[in-house]
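Asker: Can you keep this structure in mind? I'll have questions shortly.
The values are calculated or read from the model by the stated rules, or taken from the named source; none is laboratory data. Because the structure is predicted, anything quoted here is derived from the model rather than measured. Virtual Cβ from ideal backbone geometry, glycine too; neighbours counted across all protein chains shown. Please note that ligands, DNA and RNA were not included when accessible areas were found on the heavy atoms of the full protein model with its side chains. Shrake-Rupley method; radii C 1.70, N 1.55, O 1.52, S 1.80 Å.
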Amino acid sequence: SRFTTFIQSSGYEVVGDYENGPLTITEYNQLIRYDSELWKLTAATDIPFTTSGITDETWTATDSAHFVSVGDAALRQNLGSSEEGMGASLSALRQGGSVQNGLVCIYVDGFGADPSGETDSTSAVISALKAATGLLNSCFVQGHGVYAEVVFGNGVYMTGNVPFYSCVKFAGQGKQATRIKPKPGASFCFDTIGTSDYYSDGIAARLMFSGIRNMTIGPKEYQESDISKESGVGGIRVRYASYFTLDDVFINQMDGSGVFLQQCWDSDFTNLQIMECGNLNDDTQAGLYIGRGSTISSDGSNALRFRGLHIENCPRLMTVDRSSRHIFFDSPKLECVEYANSSIIRGVNDVTFNSPELTWAFPDTAMFSAVEVTGSEAATANKGVVFNSPKLYSPSASYGKYFEYASSKGRLVINSPVCNYVKNLITGRNLQINGGTAQNCGPDFIRLVSDADVTRMTMTDT
């Protein structure tokens, strides 16, 4: 029926059956019928053209050279159609299903996204998302079974509050190849919609198996000057989520948080760079924020692994907030020589930094403040913060202060620190320092208040 509709709508005229010839064709839209197919003259054949007039069902060699099957034209049209059941749906796979079933990448440029960054691409990206999944919000739906990537091309794309969808990930062409430009008035470039706090709502409405890879998020290219931040706009917000992944993403010059994680569980972050992001409106607006749900009694973020994290020159580098637990940073680089505002570690259970490189240029403000939580939340005091083999390097012109700590619940443990030009490694109580070296440090290198052990540290010119 689709083929008949195609013939009729194309304005073709059937002049007869080939074996009943001779037939004379005077127009290129005239067809003859042969072997249960319709045929038209090739464009190279002059009209009028008359067939040989044979009476059996065998093409003559001369006639066959002048005709092409109209079925091929119909097939080409159907293969190029985006209608349901057309296009890639017409090509079967040997293992079952069609090519359409095997496609997992949806390209935003095909939905009208503007890779110049001059116009808003948010609606185009959302259209691509809707083509990839039938979900209505970020919440995982058991049995939905759609897993796909929404792909940005080479270029700059302006977006605001683009939602994450469960089982759908965003991909770019590389940190310098794809850049997401913040849309004025948005909260975040990428956000989460419809998820909720399990502990307050009693339902499992979570974002699952989503993520971002291979792109830059920010208003300007790396080291580009004279570009202002969009007021209040952050990079990525992930709320009430599990199994989120982030790989090879660079977030630069955002006025809001670079990455904001609220009750995010069991997720992995690899080669994440955050530079000059955040503000001082409150301590959640850090370059990286890790925190809990919407109520005091809810769980925080947990089982997060950061590999190769790099945060530099943000108004506040990071905040790891109440009830968060089992957070691991492997080989992070944390550096600030522009803003004298401490990173906050508050009310956590087991936060571990392995081989961090720490650079801090302020002698009177600690790089990390992990002091006692008071009042109604005193029970959530820090219960275990560990720095393994930290490398602490301050500019020689301005020795830095690195840690202030106090907790009645658990110790701050620093194993084998390597310190150069450090004014004050630690001030506080309930501390343990094991081994390490210090050169050209002081004058108040270690200030112990109570409940502290320092063993086998070697100090030179300190």
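Asker: Taking Cα atoms of the range 373-462, Rg/Rh with Kirkwood Rh, to two decimals? The partial results should precede the final answer.
Answerer: Details: Rg = 13.6 Å, Rh = 13.5 Å.
Checking Rg against Rh, the ratio lands at 1.01.
Asker: Give the accessible surface of the chain per residue, rounded to a whole number of Å², with probe radius 1.4 Å and ligands, DNA and RNA excluded. Mind showing how you got there, number by number?
Answerer: Details: 20090 Å² over 462 residues.
For the chain, the solvent-accessible area averages 43 Å² per residue.
Asker: Which distance in nm do the two modelled labels at S396 and Y222 give, with both placed 7 Å along the Cα-to-Cβ direction?
Answerer: Going by the 7 Å Cα→Cβ label model, 2.8 nm.
Asker: Of all the accessible heavy-atom surface of the chain, with the other protein chains kept in place and a 1.4 Å probe, what percent is carbon and sulfur? Before the final figure, lay out each step's value.
Answerer: On the way: 9400 of 20090 Å².
Ligands and nucleic acids excluded, carbon and sulfur reach 47 percent.
Asker: Still on this structure, I have one more. Report H144's accessible area, 1.4 Å probe, all protein chains in place, as a number in Å² to the nearest 10.
Answerer: Here the residue's solvent-accessible area equals roughly 60 Å².
Asker: Farthest toward the dipole's positive end in the chain, which of G428, F244, Q262, given Cβ charges of +1 (Lys, Arg) and -1 (Asp, Glu) about the Cα centre?
Answerer: Farthest along the dipole direction, towards plus: G428.
Asker: Next question. Tell me which lysines have Cα within less than 29 Å of K391's Cα, excluding those fewer than 8 residues away on the same chain?
Answerer: Excluding near neighbours in sequence, the set is K175, K333, K383, K401, K409, K423.
Asker: Over 10 Å intervals from 0, what percent of Cα-Cα pairs in the range 188-314 sits in each interval?
Answerer: 14, 45, 32, 9, 1
Asker: Also: Contour minus end-to-end for N388 and R447, with contour as 0.36 nm per residue of separation and end-to-end as the Cα-Cα distance?
Answerer: Details: separation 59, 0.36 × 59 = 21.24 nm, distance 2.00 nm.
Computed gain between N388 and R447 is 19.2 nm.
Asker: Once label points are set 7 Å from the Cα along Cα→Cβ at both S355 and F209, what is their separation, rounded to one decimal in nm?
Answerer: In this crude label model, S355 to F209 measures out at 3.3 nm.
Asker: With every protein chain left in place and a probe of 1.4 Å, what is the accessible surface of D120, to the nearest 10 Å²?
Answerer: The value for D120 is about 70 Å².
Asker: Using a cut-off of 14 Å between beta-carbons, work out the net charge of the residues near K333 (Lys and Arg +1, Asp and Glu -1, K333 not included). Mind dumping the intermediate values first?
Answerer: Working: positive: R307, K391; negative: E312, D330, E335, E357.
Neighbourhood net charge equals -2.
Asker: Let me ask something else. Multiply the residue gap between V68 and E338 by 0.36 nm, knock off their C-alpha separation, and tell me the result in nm, one decimal place.
Answerer: Details: separation 270, 0.36 × 270 = 97.20 nm, distance 7.30 nm.
So the extension gain works out to 89.9 nm.
Asker: Treat each spin label as a single point 7 Å out from the Cα along the C-beta direction, and report the V141 to S116 distance in nm.
Answerer: It works out to 3.7 nm between the two label points.
Asker: If you take the Cα Rg of the range 303-462 and divide it by 2.2 N^0.38 Å, with N the number of residues, what do you get?
Answerer: Details: Rg = 14.5 Å, N = 160, 2.2 N^0.38 = 15.1 Å.
For the range 303-462, the normalised Cα radius of gyration comes out at 0.96.
Asker: Moving on. Specify, per residue and in Å³, the volume enclosed by the convex hull of the alpha carbon atoms belonging to the range 230-287. Mind dumping the intermediate values first?
Answerer: Numbers: hull volume 4.1 nm³, N = 58.
Here the figure is 70 Å³ per residue.
Asker: Can you compute the charge dipole magnitude of the chain about its Cα centre, using +1 on each Lys and Arg Cβ and -1 on each Asp and Glu Cβ, nothing else charged? Give it in debye, rounded to the nearest 20. Kindly include the intermediate steps, with their values, before the conclusion.
Answerer: Details: 34 positive and 49 negative charges, 433 e Å.
Computed charge dipole of the chain: roughly 2080 debye.
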